[in-house]
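To start, the structure itself, in structure tokens.
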Amino acid sequence: MKMSLVASVLYFHFVILSEAFGHTADLEDNTTIVYTPPFHATHVRVGEAHSKPFWGYTAVPSGFLVLLVGVGVAIPVFSWAIYHFVKRQRRKRLRRRFFIQNGGDLLSSPSSRSTVGDQRIRLFEEEEIQAATADYSSDRIIGQGGEGLVFKAMLKNGTVVAIKKALKVNKVSRECFINEIVILSNVEHRNIVRLFGFCLETDHPFLIYEYIPNGDLYDLFHVRREEYLNSWEVRQTILREVGEALKKLHSIPSQDSDGVVLHRDVKLANILMDVNHRTVLADFGFARILGMGDNHVTMPRPFGSVGYMDPQMLQSGRYTEQSDIYSLGIVMAELITGERASTDAHGSLGLGHYFARCVGKRRLFNLIDPRIRTNDNADEIQWFAEVAAACLRQKWLDRPNMVQVVKAMEGDRTPI
Ligand SMILES: Nc1ncnc2c1ncn2[C@@H]1O[C@H](COP(=O)(O)OP(=O)(O)OP(=O)(O)O)[C@@H](O)[C@H]1O
Ligand SMILES: [Mg+2]
């Protein structure tokens, strides 16, 4: 459509100009062919190449010629401008439709504390994302979860970023994306992934984050079994930093909540590893800000990742701060034992219950991952295991809060 319009405009232009400037070409034997549109010779004359006016056989008044040239130039330019104007308007309308469909309007509502105006977070254009991901090239894909496909990408200014594209376009998926924008624009912490911006003007929304080069802990720990993770010190640092991130989330000051953000999907696959072993908590799709006076989120259906789900949440249909703490307890158990949260090695008990029982009965020794066990660290591992077991207690009220957990991880041995 575009090409044919361009071709017809150019052709029209050519026709008018050639009408005005029909030109001559000299041949052998003093024969001159006068070219006029459309592209073929209409007059063949002998020996009279310069006997007539330059533009043809009839003398044309110069005012008329100027008018012809003017019209010849103006019409294509005008059609071109109209074509682009209509196209731009149509794209603008489409983008606006997608923006609203993807929940963009919610971001400017007072309850969301206006993230769009946040200086740290900006709106990206689809073209920028397309260019940064080399047109969504499959070799740029670095991760995939239940909700999104993640690309490694480079912005025009050279910044390397991770871009998450929504896999599905349904209500749940849209909510996940809006959630991440609302929550991450209110949080700034060294151990929480940073959001640079988003694009909601496409059918599939996008989120643009800082790029964390070493990938997620599930892959590094359980799949690639990276050697640097065979050190208890490294695992301990990871646990402390995840603890710091959760402590921050559970105490975010805000005007219309008790200051609690629930992550609701704490697991190894959502913990990323930066260079120098900085640990970064990511994936805030299921996170929620608790409202004033609330201490839980009601869950219409069982929810979470296999092996990490709080048993009391499953029973009551309510997700609380202590449900995040239970999932952290599972992460601790994984890093102490080297087993997967989803293991079926312990029958119906699952890793959480079995681990807590062994710690209670002082039968932890055989459960500790042999890759980290040394004569010097037995006492420290035992203490971390006790903290994990406290996080894994069946009842919410029996579990510690994040301030207590972080203190304990820092070495405060007050019983919890
Ligand atoms: N900022 C980032 N830097 C590097 N890799 C990332 C980044 N964000 C995500 N990834 C990779 O992409 C994977 C999927 O990302 P994420 O967990 O955000 O998607 P999801 O679809 O919401 O996942 P889930 O299935 O847990 O809901 C991660 O496990 C990680 O490997
Ligand atoms: Mg994830």
Query raised in the report: Out of all the residues in the range 278-306, which are surrounded by 14 or more Cβ atoms within 10 Å (Cβ to Cβ), within 13 Å of ligand 1 (Cβ to nearest atom) and not aromatic (Phe, Trp, Tyr)?
Result: Arg278, Thr279, Val280, Leu281, Ala282, Asp283, Gly285, Ala287, Gly304, Ser305
Report summary line: Restricted to the range 241-277 and to residues being surrounded by fewer than 17 Cβ atoms within 10 Å (Cβ to Cβ) and touching a helix residue (DSSP H, G or I) at 6+ places or on another chain (Cβ under 8 Å), the residue modelled with the highest pLDDT is Ser251
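Can you name every residue in the range 275-287 that is more than 12 Å from ligand 2 (Cβ to nearest atom) and not in a helix (DSSP H, G or I)?
Those that are more than 12 Å from ligand 2 (Cβ to nearest atom) and not in a helix (DSSP H, G or I): Arg278, Thr279, Val280.
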Requested in this report: Find the residue count for the range 142-164, including only residues that are of a type in the set (Lys, Arg), touching a residue at least 40 places away in the same chain (Cβ under 8 Å) and more than 14 Å from ligand 2 (Cβ to nearest atom).
Outcome: 1
Query raised in the report: Do we have any residue at all in the range 313-325 that's within 16 Å of ligand 2 (Cβ to nearest atom) and touching an Asp or Glu at 6+ places or on another chain (Cβ under 9 Å)?
Result: yes
Query raised in the report: Does the range 400-408 contain any residue that is on the phi > 0 side of the Ramachandran plot, more than 30 Å from the chain's Cα centre (by Cα), surrounded by 19 or more Cβ atoms within 10 Å (Cβ to Cβ) and assigned by TED's automatic domain parsing to the domain that holds Ala287?
Result: no
Query - Gln130 vs. criteria part of a loop (DSSP other than H, G, I, E, B), closer than 30 Å to Val182 by Cβ, polar (S, T, N, Q) and at pLDDT 50 or above - result: no
Query raised in the report: Which residue, of Leu290, Leu272, is part of a strand (DSSP E or B) and within 16 Å of ligand 2 (Cβ to nearest atom)?
Result: Leu272
Query - Total residues in the range 155-173, condition more than 13 Å from ligand 1 (Cβ to nearest atom) and either within 19 Å of Leu249 (Cβ to Cβ) or in contact with a strand residue (DSSP E or B) (Cβ under 8 Å, 6 or more places away or on another chain) (or both) - result: 1
Query raised in the report: Which of the residues that make up the range 39-96 are hydroxyl-bearing (Ser, Thr, Tyr) and modelled with pLDDT of 80 or more?
Result: Ser62, Ser79, Tyr83
Query raised in the report: Does any residue of the range 127-146 turn out to be of a type in the set (Gly, Ala, Ser), crowded, with 18+ Cβ neighbours inside 10 Å and over 20 Å from Ile271 (Cα atoms)?
Result: yes
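Each row is one residue, and each column tells you yes or no for (1) closer than 21 Å to Val266 by Cα; (2) within 35 Å of the chain's Cα centre (by Cα); (3) not assigned by TED's automatic domain parsing to the domain that holds Gly338.
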site: Ala356; (1), (2), (3): yes, no, no
site: Pro370; (1), (2), (3): no, no, no
site: Gln382; (1), (2), (3): no, no, no
site: Val387; (1), (2), (3): yes, yes, no
site: Lys395; (1), (2), (3): yes, no, no
site: Asp398; (1), (2), (3): yes, no, no
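The values are calculated or read from the model by the stated rules, or taken from the named source; none is laboratory data. What you see is a predicted model; the values in this text were computed from it and never measured. All Cβ positions, glycine included, derive from the backbone under ideal geometry; neighbour counts span all protein chains shown.
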